[in-house]
Every structure is written in structure tokens, then in C-alpha cells.
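K.L.:
Attaching a single structure in C-alpha cells format; questions to follow.
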Amino acid sequence: MDSRHRRRRTGAIALLAGIALIAGACGSDDGAAADDATAGAESAPTAEPAPTGPRRIVSLSPTHTEMVFAIGAGDLLVAVDDFSDYPAEALELPHDLSGFEPNVEAIASFEPDLVITGGDFTGLGAQLAELDIEAWDGPAAQTLDDTYEQIEQLGAITGHEADAQELVASMRSRVDAVVAAAPRPDDPIDFYHELDSTLYSADSTTFIGAVYSLVGLRNIADGADDGSFGFPQLNAEFVVSADPDIIFLADTKCCAESAETVAARPGWDVITAVREGNIVEMDDDIASRWGPRIVDYLETVAAVVASVAPGDSG
């Protein structure tokens, strides 16, 4: 087990809950149904673009590193944070900076004219301003529209506006195709999304929860107690009682969970997903980011749903 990934996952869950709390304090509709993840009425705030024309960019956000490469602007990156591991080209750059505890001196040593963050919770933007370094912050997305907007903003900033628009159009088209083809059985398919081995999950008010809702899945975490800001910690008895049809594991990297380890948990052998072999090992990183690969994630989920749905439903 990778202890570094485990520590990061524990911190990330707490951070996600904090983001949700801030969003709730600002008036977002945490209780609204999230069965349309493309609805942007209550979207997460996005920053105004920094002046165009950066030539040296430091990214402290794995999500936005992926976005920058996806729009063809990867050549502008001079350094990334220690969790920016996709695409492979990101690892060819200096990647020792911390996005969770950013060090302004270390960042400034790369002489950037733009620093990208995925949520400024440490006052880094103000510190960079004192050094006359521009900053752009793209907070955690709450809807796919937030993702599209951030991609387009980065396109405008980097001079890759057309590439960004093309990427967004492709993502929208793929999402629409998945939604149109998704089976809609009379009895909804229940699922459990596992964030870590201590049974943290994500309900339908979260970004990833809303992604599942696009294909009509019913989230067992929606029945958990409130007060967790969308990321409840369930217990084994709750999960067994909810009897999900599918279990999606988003803790294969952080916690070395697998279909085998889940099936071996005491009492879990009675769960429909376990009995029928519907335990799906997902990629932790894609599940926790809101970048272009979230459409790949959705397509994987849709394929699983199609395999599980009754043959006469459509």
C-alpha cells in the first residue's frame, strides 16, 4: 500500500468536505437533485482569466495540468505539483512542488509568469501578487459546466482558445451520447462509490455523484445522515443493508482495495454486487479530478450499467 497516496486521500476527503461547506455558506443548493451534472445554475465559482500571453506556467493542480496538456498548451508548463502525473509528459517536468502546502519561494524559483491552482486555501495568490506573479485559481468543479468553463478559460489564457472549444465540444458530444444510450430500468440500479478503505463515499450532491446520476444510477450514500457536506463516512452494516447492485472502488491506488479484498470483507458476501461480481475497480485519480478524463470515467460507468441492467429495459 502506498502510504503517500493514503495520506493524500485522507487529506483530500477532508478538503472536499471543506469545499462543500464553503459552497454551502455561499448559498449553493447542496440539497438539489444532481441528476443533470451539466446544469450550471449553482456552479462552483471560477476565476476571471489572468492576462493572456504567459510563457512560463507552474501548475499546482493535477486536474488543471491535465487540462493544459489536453488543449495543447503543455509546452508552456515549466513545473507541476507532486501529484500531477498525467499525461506522462507531466512527469518529465520538475514535479516536486506541493499543491497542498505551497512554498512561494520554491514556486518563484521557476520564474513563472502564471501559477495555476485548483483552490487557493493558503493565501498563495496574495503572496504571488507581492512578487508580481499572476495567479489563476480554478476551484473544485460542482458540475460538468464548471469543467467546461475552466477548460475554456485556460484556453483563452494560453492562446489555445480554439483547441479548448474543440475539446469542450467533444466532451459534450460524448456525454450526450452516453446519456442518450443509458438504459433506464423501472427499478433503478443502486450503487456504492468507495473513496477509501474507511468507507467514505460521495453522495449525489457532489461532482462525482452527479456524474453517476447522468446514467440513472441510485446512490446509497444519499440515504446517509446529513452533516458530511456530501462525503459521508458509511459503515459496513449500512452498506450491507443498502445492498448495492454495483460497487465502484475509487481507492485502488490509495488503499490497495480490489474486488478480492471487498469480497473478503466479513458479511459482504450477501451484497448483490459481491454475489454477482459487480465490483468495479476504478482509477482513483480520474474519480477525484474534474478534468477531460471524467468523460472516460462516465463511459466506463455506462458500460457497467449496460451489463447489469435487465435486458428488456431501455
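K.L.:
For the structure I just gave you, tell me whether V68 is out of contact with any Gly (no Cβ under 8 Å at 6 or more places or on another chain), hydrophobic (A, V, I, L, M, F, W, C) and either part of a helix (DSSP H, G or I) or modelled with pLDDT of 95 or more (or both).
P.N.:
no
K.L.:
Determine, yes or no, whether V304 is under 15 Å from the mean Cα position of the chain (by Cα) and modelled with pLDDT of 95 or more.
P.N.:
For V304, the condition - under 15 Å from the mean Cα position of the chain (by Cα) and modelled with pLDDT of 95 or more - is not met.
K.L.:
Give Q127, Q165 a once-over and let me know the one that is farther than 16 Å from A73 by Cα, part of a helix (DSSP H, G or I) and either at pLDDT 95 or above or β-branched (V, I, T) (or both).
P.N.:
The match here is Q127.
K.L.:
With T63, T122 as the choices, which residue is under 30 Å from Y212 (Cβ atoms), polar (S, T, N, Q) and out of contact with any strand residue (DSSP E or B) (no Cβ under 9 Å at 6 or more places or on another chain)?
P.N.:
Result: T63 is the single residue among T63, T122 that is under 30 Å from Y212 (Cβ atoms), polar (S, T, N, Q) and out of contact with any strand residue (DSSP E or B) (no Cβ under 9 Å at 6 or more places or on another chain).
K.L.:
Any idea which residue in the stretch 161-182 is nearest to E299 (Cα to Cα), counting only those that are open to solvent by less than 60 Å² (accessible area, probe 1.4 Å) and in contact (Cβ under 8 Å) with a residue 60 or more places away in the chain?
P.N.:
Only one residue tops the list, namely V178.
K.L.:
Sticking with this structure for a sec: May I ask you to list the residues in the stretch 188-204 that are in a loop (DSSP other than H, G, I, E, B), in contact (Cβ under 8 Å) with a residue 60 or more places away in the chain and among the acidic types (D, E)?
P.N.:
D196
K.L.:
Follow-up. Conditions: (1) within 17 Å of Q153 (Cα to Cα); (2) crowded, with 20+ Cβ neighbours inside 10 Å; (3) modelled with pLDDT of 95 or more. D113 meets all but one. Number of the miss?
P.N.:
(2)
K.L.:
Does I279 meet the test of being under 23 Å from R174 (Cα atoms) and either β-branched (V, I, T) or open to solvent by 50 Å² or more (accessible area, probe 1.4 Å) (or both)?
P.N.:
Spelling it out, it is not the case that I279 is under 23 Å from R174 (Cα atoms) and either β-branched (V, I, T) or open to solvent by 50 Å² or more (accessible area, probe 1.4 Å) (or both).
K.L.:
A further question follows. Name the pairs whose Cβ atoms lie under 8 Å apart, with the first residue in the stretch 66-86 and over 22 Å from A106 (Cβ atoms), the second open to solvent by 10 Å² or more (accessible area, probe 1.4 Å) and polar (S, T, N, Q), and 6 or more positions between them or separate chains?
P.N.:
I71/T158; A73/T158
K.L.:
So in the stretch 205-230, with the set limited to residues that are open to solvent by 20 Å² or more (accessible area, probe 1.4 Å), assigned to a loop (DSSP other than H, G, I, E, B) and more than 20 Å from T272 (Cβ to Cβ), which one is modelled with the highest pLDDT?
P.N.:
The residue in question is T205.
K.L.:
Which condition number in (1) open to solvent by 50 Å² or more (accessible area, probe 1.4 Å); (2) over 21 Å from the mean Cα position of the chain (by Cα) is the one that V239 fails?
P.N.:
Here V239 meets the rest and fails (1).
K.L.:
Please specify each residue of the stretch 87-124 satisfying the condition of being among the charged types (D, E, K, R), in contact (Cβ under 8 Å) with a residue 40 or more places away in the chain and either in contact with a helix residue (DSSP H, G or I) (Cβ under 6 Å, 6 or more places away or on another chain) or more than 25 Å from A141 (Cα to Cα) (or both).
P.N.:
E111
K.L.:
Does the stretch 143-157 include one or more residues that are open to solvent by 20 Å² or more (accessible area, probe 1.4 Å), within 24 Å of L93 (Cα to Cα) and in a loop (DSSP other than H, G, I, E, B)?
P.N.:
Looking through the stretch 143-157, none of the residues is open to solvent by 20 Å² or more (accessible area, probe 1.4 Å), within 24 Å of L93 (Cα to Cα) and in a loop (DSSP other than H, G, I, E, B).
K.L.:
Would you check which residues across the stretch 126-163 are of a type in the set (G, A, S) and under 23 Å from the mean Cα position of the chain (by Cα) and list them?
P.N.:
A135, G138, A140, A141, G155, A156, listed by residue number.
K.L.:
Sticking with this one: Could you list, in sequence order, all residues of the stretch 130-160 that are in contact with a strand residue (DSSP E or B) (Cβ under 7 Å, 6 or more places away or on another chain) and without any contact (Cβ under 8 Å) to a residue 40 or more places away in the chain?
P.N.:
The one that is in contact with a strand residue (DSSP E or B) (Cβ under 7 Å, 6 or more places away or on another chain) and without any contact (Cβ under 8 Å) to a residue 40 or more places away in the chain: I133.
The values are calculated or read from the model by the stated rules, or taken from the named source; none is laboratory data. On a predicted model such as this, the values are computed, not experimentally measured, just so you know. Virtual Cβ from ideal backbone geometry, glycine too; neighbours counted across all protein chains shown. Surface accessibility is based on the protein's heavy atoms, side chains included, excluding ligands, DNA and RNA. Shrake-Rupley method; radii C 1.70, N 1.55, O 1.52, S 1.80 Å.
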